[in-house]
Structures are given as structure tokens and as C-alpha cells.
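Reviewing the structure listed below.
The values are calculated or read from the model by the stated rules, or taken from the named source; none is laboratory data. On a predicted model such as this, the values are computed, not experimentally measured, just so you know. Neighbour counts run over all protein chains shown; Cβ positions are idealised from the backbone, glycine included.
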Amino acid sequence: MQIPSNKSEVAAETPQIPKHVAIIMDGNGRWAQARGLARTEGHARGADSVRETVRECRSLGVKNLTLYAFSVANWDRPQAEVRALMQLLAHFAEQEKAELKERGIRLNVIGDLDDIPNGARKAIDDAMACTADCHEMVLSLALSYGGRHDIVSAARSLAIKVKAGLLLPEEIDEQRFQTEMTTHSLPSVDLLIRTGGESRVSDFLLFESAYAELLFLPIMWPEFRRRHMREAVQIFSSRERRFGLTSSQVNGDGGHSFDPHDSVNAAPAHSEVAAASSARG
Ligand code: FPP
């Protein structure tokens, strides 16, 4: 067996599998309009890409896949488009629940399922119940979802608990904060993909993507196929994630972390920064 000589070759052989992939499925409308089709045709083709992506993630061993299916802002789209999207969601849930169950994939929702019209809501509830005991992977659909909204709701809910004397302000840390969010059962996002050629995160998983690798792809979502998912994982695998550390630290030869109480590190009586700035006048 040949020993790979650099990091990207290692990645090509044994890709690092992200635990949580999140996708902003953008470009449905433009894909359809470029072909003289209604925007809703683009969404329908986008549902095929969803099916392929779920299958590929399952076979790659990705444990969590979260798809931005409908944002809080999407309610302001033309009524006919919103209705078509809700029908597609209902259809997807009805059609896919058996396969999801067979493949051990639990369907989950983040955002606000209460906002979703009855027909789609019932289909999604059924599919969630049908897959409730699946443990191989979690497919989360972000529905009526907004990242800022989720953060603000969590803050409000913590404030109510503090006011009621159930929680002390000093007990609130990042972990406790996350327990109040609709993503509470999900790990942090490792890889955030956006198709459609735009480079923005559009209010998706703002808290959860703090250290996510971002991948912006020029292709439109209806064109996204299993091979694109595989390539995305390869790219993820070739990146060095440092989480604020240095490259040497990440690779295990970076020395000790800073200890402010070590005498070597003790702050000088007059800090050098202050001295320099007062010298500058
Ligand atoms: C963004 O493309 C896409 C959406 C707002 C909806 C995503 C929905 C699907 C992929 C279909 C169904 C989903 C599931 C889970 C079955 P856009 O319409 O903003 O595209 P544009 O930027 O080209 O106009």
C-alpha cells in the first residue's frame, strides 16, 4: 500500500466525514426560469436533489443533515409559490417516510412546525412518528425557520426562567443557551453548503455554524447530485479546522497553552500597549 505523502492525498483516501452537514438549497427559481419553466418546477426538481442528497449522506455516514427548506422570510413569497412548496413538503414526507425508516433515518424539524398549514403539517408529523425510532442518521428540515428568531426565542425563554427564579444568570453558558433552541438535539454544524452561486448565510443556523466550514457552489440546487455531495465531503476533508488554535497546535506540536498565572506571562505594571500609545500622544 502506498503511504500518502500529504494531507490532501490522505483526505482523498479516507475522507473525514462531517458529523453535521447543513445545506442552503438555493437556485431552484433561476434554474427553472432559465429553461422557460415556472419557478415551482425548479422546486419540484429540487425535491429530487433532496432525495439524492439524503441517500448519499446516509451512505457516506453523515449522521446529521439539515436542509433549509422554508425560511421565516419565505412566507412573503407569492401565495402560489408558498402553496406549491407546502404541497411539495407534504408529498415528500408521504413518499419518503418508508424509505427513511428502512434506511434508519429519523425525520426532525427545526423552526416552527406550528406555522405550517394542516395538510403538510400532518404529513410531516406522520413521517416523524414513523421514523421516531431510527438511529442511523437525523434528517432535519428547517421549516418557518430563522436563525435570529431562534436565538431571540432562546434568550426570551431563559429570561422567563430567570424571572421565575428557576435559573441564575450565571448558570447561562453556551450549552445551557443551546438547550432552549429548536436545534438543541443537534451537534454544531461542521460543513455548511450553499448552492446557487451566492456567498451568504441568509439567517441559517447562525449560532450553530460558528466554526462551520463554508462551501459556496455555483451550481443550482436542482442540478445537485450524489457526486456533488461526495466532492463537498472531500473538500471538507482537505481543510484544516483550527478552532482558534495555531496550525502547529492542531497538529499536536504547538507547545503549551497560555497560562495568565504563570510568572513568565504576568502583565507588566504598565502594559507595553499602554506605554506605546501614550508615547504616541
Ligand atoms: C431557494 O431557491 C429554495 C427554497 C426557498 C425552497 C427549497 C425547497 C426545495 C428544495 C423543495 C422541497 C424541499 C423538500 C425538503 C422536499 P430559490 O427559489 O430562492 O431560487 P432562486 O434564488 O433561483 O430564486
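Restricting segment 25-38 to residues that are surrounded by fewer than 18 Cβ atoms within 10 Å (Cβ to Cβ) and farther than 21 Å from residue 200 by Cα, the residue that is farthest from the ligand (Cβ to nearest atom) is 36.
For every residue, the table says whether it meets (1) more than 22 Å from residue 46 (Cα to Cα); (2) not aliphatic (A, V, I, L, M).
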position	(1), (2)
89	no, no
92	no, yes
103	no, yes
106	no, yes
109	no, no
114	yes, yes
127	no, no
131	yes, yes
136	yes, yes
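Looking only at residues that are within 11 Å of the ligand (Cβ to nearest atom) and not in a strand (DSSP E or B) in segment 95-122, which one is surrounded by the fewest Cβ atoms within 10 Å (Cβ to Cβ)? Don't jump to the end; show me each part of the working.
Here is the first cut: in segment 95-122, the residues within 11 Å of the ligand (Cβ to nearest atom) are 95-96, 107, 109, 120.
Right, trim to not in a strand (DSSP E or B) and you get 95-96, 120.
Values: 95: 14, 96: 20, 120: 23.
Checking each candidate, the answer is 95.
Counting only residues that are in contact with a strand residue (DSSP E or B) (Cβ under 6 Å, 6 or more places away or on another chain) and surrounded by 15 or more Cβ atoms within 10 Å (Cβ to Cβ), segment 208-217 holds 5 of them. Does at least one position in segment 54-68 carry a residue that is more than 10 Å from the ligand (Cβ to nearest atom), surrounded by fewer than 15 Cβ atoms within 10 Å (Cβ to Cβ) and touching a residue at least 60 places away in the same chain (Cβ under 8 Å)? No, every residue in segment 54-68 fails to be more than 10 Å from the ligand (Cβ to nearest atom), surrounded by fewer than 15 Cβ atoms within 10 Å (Cβ to Cβ) and touching a residue at least 60 places away in the same chain (Cβ under 8 Å).
Give me the residue from segment 71-82 that is farther than 13 Å from residue 44 by Cβ and assigned to a helix (DSSP H, G or I) and, out of that set, nearest to the ligand (Cβ to nearest atom). Step through it out loud before you land on a result.
Here is the first cut: in segment 71-82, the residues farther than 13 Å from residue 44 by Cβ are 71-80, 82.
Going one step further and asking which of them are assigned to a helix (DSSP H, G or I), we end up with 72-76, 79-80, 82.
Details: 72: 12, 73: 9, 74: 5, 75: 11, 76: 11, 79: 14, 80: 13, 82: 10 Å.
Checked segment 71-82; the qualifying residue nearest to the ligand (Cβ to nearest atom) is 74.
Among the residues of segment 69-94, those identified as surrounded by 18 or more Cβ atoms within 10 Å (Cβ to Cβ) and within 22 Å of residue 206 (Cβ to Cβ) are 69, 70, 71, 72.
Given the residues 133, 126, which is the only one that is assigned to a helix (DSSP H, G or I) and either touching a residue at least 24 places away in the same chain (Cβ under 8 Å) or charged (D, E, K, R) (or both)?
Numbers: 133 fails: assigned to a helix (DSSP H, G or I).
Unique residue meeting the criteria: 126.
For segment 177-232, the set of residues classified as part of a loop (DSSP other than H, G, I, E, B), of a type in the set (A, V, I, L, M) and away from the ligand (no atom under 16 Å from the Cβ) consists of 181, 186, 189, 206, 210, 212, listed by residue number. With the condition kept exactly as written, say whether any residue in segment 154-165 is touching a helix residue (DSSP H, G or I) at 6+ places or on another chain (Cβ under 6 Å) and in a loop (DSSP other than H, G, I, E, B). Looking for residues that are touching a helix residue (DSSP H, G or I) at 6+ places or on another chain (Cβ under 6 Å) and in a loop (DSSP other than H, G, I, E, B), one finds none in segment 154-165, hence no. When segment 161-199 is filtered for residues that are loosely packed, with under 11 Cβ neighbours inside 10 Å and free of Cβ contacts under 8 Å to residues at least 12 places away in the same chain, the ones remaining, listed by number, are 163, 164, 165, 166, 168, 169, 170, 173, 174, 175.
Across segment 144-153, the number of residues qualifying as assigned to a strand (DSSP E or B) and either farther than 19 Å from residue 84 by Cα or touching a helix residue (DSSP H, G or I) at 6+ places or on another chain (Cβ under 6 Å) (or both) comes to 1.
Is it the case, given these coordinates, that residue 62 is touching a Ser or Thr at 6+ places or on another chain (Cβ under 8 Å), more than 14 Å from residue 222 (Cβ to Cβ) and at pLDDT 95 or above? Break it down into steps so the answer makes sense when it comes.
Values: touching a Ser or Thr at 6+ places or on another chain (Cβ under 8 Å): no; more than 14 Å from residue 222 (Cβ to Cβ): yes; at pLDDT 95 or above: yes.
Spelling it out, it is not the case that residue 62 is touching a Ser or Thr at 6+ places or on another chain (Cβ under 8 Å), more than 14 Å from residue 222 (Cβ to Cβ) and at pLDDT 95 or above.
Candidates are the residues of segment 218-246 that are surrounded by fewer than 20 Cβ atoms within 10 Å (Cβ to Cβ) and of a type in the set (S, T, N, Q); the one that is modelled with the highest pLDDT is 234.
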